[in-house]
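Asker: The following block contains the structure, expressed as structure tokens.
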């Protein structure tokens, strides 16, 4: 029995795509909300990496979680560009975490909640978690590219026009 038909069936599974899309979107919404509730704490974590100028910390401490939140929301509602935004964010996070690991920084990633920040979780654990999330994003890229007629290839204005046309 060939593995190719099974792989094709898994990659084109709408249910699995929905579950991964929803889970990935939820993770980004949750991460964005928790950082937006205390941007000063998040700014302190960012400053520990010493890669962002002090003058930009407030902008990044609010802007980055807002982008995470919007990208997660967009992914759940299947809005074009959201998956790409999440993929870019994950690549950025992996790069920053890799920088922290290579420089043997003993800090938290600042990925989620204040409790996680207080626990000083391992940068390596966050790095591996982001690799898994990137795998989910890559799966979604594969699954949506196999279905060019999928709703993920519609822009928000196209979706609104199709909904408006039904009434």
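The values are calculated or read from the model by the stated rules, or taken from the named source; none is laboratory data. Note that the coordinates shown come from a computational prediction; the quantities given were computed from them, not determined experimentally. Cβ sites come from the backbone with ideal geometry, for glycine too, and all protein chains shown count toward neighbours.
Asker: Return yes when residue 55 is modelled with pLDDT of 95 or more, loosely packed, with under 14 Cβ neighbours inside 10 Å and farther than 19 Å from residue 126 by Cβ and no when it is not.
Answerer: Values: modelled with pLDDT of 95 or more: yes; loosely packed, with under 14 Cβ neighbours inside 10 Å: yes; farther than 19 Å from residue 126 by Cβ: yes.
In short, yes.
Asker: Return yes when residue 10 is out of contact with any strand residue (DSSP E or B) (no Cβ under 7 Å at 6 or more places or on another chain) and farther than 23 Å from residue 141 by Cα and no when it is not. Write out each step before concluding.
Answerer: Numbers: out of contact with any strand residue (DSSP E or B) (no Cβ under 7 Å at 6 or more places or on another chain): yes; farther than 23 Å from residue 141 by Cα: no.
No, not satisfied.
Asker: Also: Checking the conditions here, which among 126, 85 is surrounded by 17 or more Cβ atoms within 10 Å (Cβ to Cβ), modelled with pLDDT under 95, under 18 Å from the mean Cα position of the chain (by Cα) and closer than 21 Å to residue 34 by Cβ? Give the derivation first.
Answerer: Numbers: 85 fails: modelled with pLDDT under 95.
Sole residue among the options that is surrounded by 17 or more Cβ atoms within 10 Å (Cβ to Cβ), modelled with pLDDT under 95, under 18 Å from the mean Cα position of the chain (by Cα) and closer than 21 Å to residue 34 by Cβ: 126.
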